[in-house]
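Written below as structure tokens is the structure these notes are about.
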Amino acid sequence: MTMAPANETVDEATGGAARPYASGLPRLLPLVPGVPEDLRAHLARHGRLPYRGGPGLLIGSVEEAGLTGRGGAAFLVSRKLAIVARARGRKVIVANGAESEPASHKDALLLRAAPNLVLDGLQLAAEAIGAREAYLYLHPGVSPEILRALNQREAAGLDWLGVTIVEAPPRFLAGQESALVNRLGGGPAVPTFVPPRVSERGLGGAPTLVQNVETLAHLALIARYGPRWFRALGTAQEPGSMLTTVHTQPSGGSAGSSPPGQHNTQIIEAEIGTPLRALIHQDNVQAVLIGGFHGTWLPITTIGTLTLDNEALKTHGAALGAGVIAALPADRCGLAEAARVVRYLAAESAGQCGPCLNGLPRMAAALAELAGRGHRRQTRTDLERWAGLVTGRGACNHPDGTVRFVRSALTVFAPEISLHARGLCSATNRTPFLPLPGGMPMTEDDWT
Amino acid sequence: MADTLRVNPINCSGHGVCAELLPELVTLDEWGYPIIANSPVPPALDLEARRAVAACPALALKLLRA
Amino acid sequence: MSGTTAFWYASRATGVVALLLLTAVLVLGILVNRQGRLPGLPRFAVTSLHRNISLLAVAFITVHVLTAVLDTFVSIPLLSSVIPFASGYERLWLGLGAISFDLMLAMIITSLVRGRLNRILWRAIHLLAYLCWPVAFAHSIGSSKDLQHGWLLDLSIACALIVAAAALWRLASAARQLPRAARVAAILAQHAPHATRQAHERISR
């Protein structure tokens, strides 16, 4: 199992020297960490954009390669392509760069460091499905690299379809497929009821292919180097490499010697199937959050044997999700972290469905109570009941993902709950660990 | 051939008419929103199910072909 | 009063009943929308009554129109019941009656096929109820001397006051209702006001 050393640090806590890799990594990220690849560097490294010359022709390679979505849902990409390619009439493609997960920074990095890979993938997928409209959906503060890349490509006559950039509001649900299409259509970025899926009836009623930007980048490489190259890394069921956002507290020797609150965020491109212990040091870590805020907490004791692939993770009820791996330091309070996240998730509800609108805030309050000093017995029962009530009863997965996060937190931090019930807490460091944006949505404008 | 009962949670505003007309398949949660049994509608209840779908003031209840 | 026939009496009587029924339908419609209950009755009774009484109202109006047409004292063409201002007799007031009848038919027909109709379109047409009732009221007062004095006038005014009160209540209710984007913030404030601060406050080690 191979892995490229950390390719970029978000908070400059560690350096990142360039190292030559014989392992076949990095694939997506630039060869020199921290140095974005402009069009010239991109073409020099990967060669010309290999259009196939017509719709449908690329799909076979993508199917052989076994590429799955890197946006969290892990659908087989070739199947999604085939569904839209088969449809008749006007078709739309959207590159989803709205990385709404606060703990995930991999898409933002990819768009800065290798924008041309993403844009290549967008053009190739558009050709494969026969799309006539292409969009790039991004959070505010569009990276200048993306705009520069688009301009350079236009000057070079590289792009088959013009790409329209649409801004996504800074909401957790903004990147959800139906919310995205809703936003593109001029409405707020809130989910709509499915069926019909957007791949059948999406933007303006047209079949719409929505693909995460990392997925498109992989597709751009598969088109050049072929499915066998793609499968050279990864596992048989989950081939290839993936970008992960790894959150750690660097161990500075004995506990307490690193200044409290120091937080290291790294984007690591790793082969799928890499042992998790290669990504995170296990000293002074109490638990690991895998996937993101809709992901799963796992106790540190399980990390030693787990690998970075869904087959292994699902035996512990976890999944790769958005590729977030957060190693919670031993000196923090897991309950407080969980309570903060659930409050955020509750605030980010679209507020359209009764169970979610009513259940999530109550769950947030219950968790806050558990994280405080002493809690009523009823709170625990209520929390369980609400978790059951919201599951599967929203128009989207927001309540379900939140429940997964909550249940795993209750399991992993059970000892902490008992401590808090007696008015104690094991934490010695009160600095929040998981990143959370401030403010919360109040008006319709906050969703558009 | 049995249909499944589904609610569009976005359109549903918790009127609760469905639970009164089809208590065998629909109960209300503590906030007044319908909890629909996952199983297909038994043929004996098919007519009642259609009545409930027609009666929903928010048009949120649907009968989907299996 | 000479020359009036049974048809003419029937037309006026069914007209008054129709006005009462329409008043009830409008109030019941508001009750359905606001999830109000009628004391002692299940929830589905409110929507059922709303629908059934509206159909009853149409039945009464049909008799109201037919008897007026059949009456030979004045000449009212049948088509003027749906085509406004097509009658020679009391062109304006009967025209208003035709308008309100047309609106009613639009509302009822769209409601009969609402499963197949776009929700927004159905709602837009159904909101015409707030236009339909005043027009029907004007038709009633304007075309019948009976309603312009005596207990029938009192009855008509009572209906108008009820409708006005119900409509105002409906408007106030809508104004109080939080927009979707603000609902989450409101519920959070209610249940988890200091969630982030609570965690870790006053914990002893």
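Placing unit charges on the Cβ atoms only, positive for Lys and Arg and negative for Asp and Glu, gives the protein assembly as shown a dipole magnitude near 660 debye about its Cα centre.
In percent, what relative contact order does chain C have, based on Cα pairs under 8 Å that are 6 or more apart in sequence? With pairs under 8 Å counted, the relative contact order is 19 percent.
Average partner chain C-beta neighbours within 10 Å, per residue of C:33-43?
Per-residue shielding by partner chains comes out at 2.
If only the Cβ of Lys and Arg carry +1 and only the Cβ of Asp and Glu carry -1, the dipole of segment A:334-431 around its Cα centre is close to 260 debye. Note on A:LYS106: lysines with a C-alpha under 23 Å away, same-chain residues under 8 apart excluded, are A:LYS80, A:LYS314.
Considering only A:LEU308, B:ALA54, A:ALA126, the residue lying farthest towards the positive end of the dipole of the protein assembly as shown is B:ALA54, judged by Cα position with unit charges set on Cβ. Contact order, relative form, for chain B: 50 percent (alpha carbon pairs under 8 Å, 6 or more residues apart, mean separation divided by residue count).
Residue by residue along A:339-352, Cβ atoms of other protein chains within 10 Å of the local Cβ number 4 on average.
Considering only DSSP beta bridges with both partners in the protein assembly as shown, what is the antiparallel share in %, to the nearest 5?
60
Find the relative contact order for chain A and round it to a whole percent, using C-alpha pairs within less than 8 Å whose residues are 6+ positions apart. Worked out over chain A, it gives 17 percent.
With Cα atoms defining each centre, segment B:18-36 and segment A:343-367 are spaced 21 Å apart in the structure. Placing R0 at 35 angstrom, the Cβ-Cβ distance between A:ALA232 and B:LEU64 gives a FRET efficiency of 0.20 after rounding to 0.05. Between the alpha-carbon centres of segment A:206-230 and segment C:52-99 there is a gap of 68 Å.
Per-residue shielding of C:176-184, expressed as the average number of other chain Cβ atoms within 10 Å of the residue Cβ, stands at 6. Using just its DSSP H runs of length 4 or more, each adding -39500 (n - 2.57), chain C gives a mean residue ellipticity at 222 nm of -24000 deg cm²/dmol after division by all residues.
The residue list A:GLY60, A:THR402, A:LEU150 was ranked by how far each Cα lies along the charge dipole of the protein assembly as shown toward its positive end, using unit charges on Cβ atoms, and A:THR402 comes out on top. Each label point was placed 7 Å from the Cα along the Cα-to-Cβ direction; for B:LEU28 and C:ARG116 their separation is 3.3 nm.
Summing charges over neighbours of A:LEU147, with a neighbour being any other residue whose Cβ is under 14 Å away from its Cβ, gives -2 when K and R count +1 and D and E count -1.
Ellipsoid semi-axes for segment B:4-64, based on the Cα gyration tensor and the rule √(5λ), read 17, 12, 10 Å when sorted largest first.
Stokes-Einstein, applied to the Kirkwood radius of chain A over Cα pairs at a viscosity of 0.692 mPa s and 37 °C, places its translational diffusion at 146 µm² s⁻¹.
Here r is the Cβ-Cβ distance between A:THR379 and B:ILE35 and R0 is 25 Å; the resulting FRET efficiency, rounded to 0.05, is 0.65. Residues of segment A:371-411 falling in the label zone of A:LEU424, defined by backbone nitrogen less than 17 Å from a point 7 Å along Cα to beta-carbon, are A:371-375.
Local charge for A:ARG231 was computed over the other residues whose Cβ lies under 15 Å away, with Lys and Arg +1 and Asp and Glu -1, and equals -2.
Can you give the calculated 222 nm mean residue ellipticity of chain A, where each DSSP H run of n ≥ 4 adds -39,500 (n - 2.57) and the sum is split over every residue, rounded to the nearest 500 deg cm²/dmol? Mean residue ellipticity at 222 nm (helix-derived): -10500 deg cm²/dmol.
Taking Cβ atoms as reference points and 12 Å as the exclusive limit, the residues near B:GLU20 contribute a net charge of +1, counting Lys and Arg as +1 and Asp and Glu as -1. Quick one: dipole size for chain B, taken about the Cα centre, charges +1 on Lys/Arg Cβ and -1 on Asp/Glu Cβ, in debye to the nearest 20. Rounded to the nearest 20 debye, it is 300 debye. Under the shape rule built on the C-alpha gyration tensor, where the axes satisfy a ≥ b ≥ c, segment A:288-420 is oblate, since a/c reaches at least 1.5 while a/b does not exceed b/c.
Net length available on complete extension from A:ARG277 to A:ARG132 is 47.7 nm, with 0.36 nm assigned per residue and the Cα-Cα distance removed. When each of the peptides A:300-310, A:116-126 is scored by how many other beta carbons lie within 10 Å of its residues on average, the order from highest to lowest is A:116-126, A:300-310. The distance separating the Cα centre of segment A:91-141 from that of segment A:391-448 comes to 29 Å.
The numbers here are math on the coordinates, done by the rules we state, and not lab data. Remember, it's a predicted structure, so these values are computed and weren't measured experimentally. Cβ sites come from the backbone with ideal geometry, for glycine too, and all protein chains shown count toward neighbours.
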